[in-house]
1. Counting other beta carbons within 10 Å of each residue's own, what order do 199, 89, 188 fall into, fewest first?
2. Can you match Rg and Dmax of the Cα atoms in Å to one of these, (1) 19.5, 58; (2) 16.4, 50; (3) 19.6, 73, based on a calculation from the structure here?
């Protein structure tokens, strides 16, 4: 089992199987109960928050892999991004919006009805996230690229995380962007399919994060990194 877990394709294999189960469960709910709106079931949010909690618990449990080492700054960066991502999942961007729909868009800063302090808070949050991501890339990008081409399982998991995260964001905006640029919207079955990818896919991102942490921990134990 450990050999399979440390395989470069473990994360992508897990993702395919998990999404297959998610699709199966959602289509069962659709045809058994006629539930097109996944949010009405509460399952996506419940699973997402559960997995976020598991990710935080894993970070705390494996703190010794990072503390009092050159990796300590990376550890605090990961905790910061975990917190920001959790707040986004909870809709914190709407808490900042006051008189607008969301803080994470250019029109928010152009809106004269939005108080200056609201714009300042939004700008500080956005710039902080950009700074931390840029710092982590600056510190780890070379190792990530080398590790990926050396088939290091942790870096393949990180690549899977990033790629799948992009897919969920595309799925999240697909229907609204289609309406904006073509005037058309997805049919109900197509929207249901895309929503499964967006909601189910986002809920699995913390699990991919946990897999990467555990793979790194295992490599440290085996002195392979």
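1. Neighbour counts put them in this order, fewest first: 188, 89, 199.
2. Derived directly from the coordinates: (1).
Taken together, the values in this text are just the output of simple stated rules run on the coordinates, not laboratory data. No experiment lies behind these values; they were computed from the predicted model shown. Note that we place each Cβ from the backbone using ideal geometry, even for glycine, and neighbour counts take in every protein chain shown.
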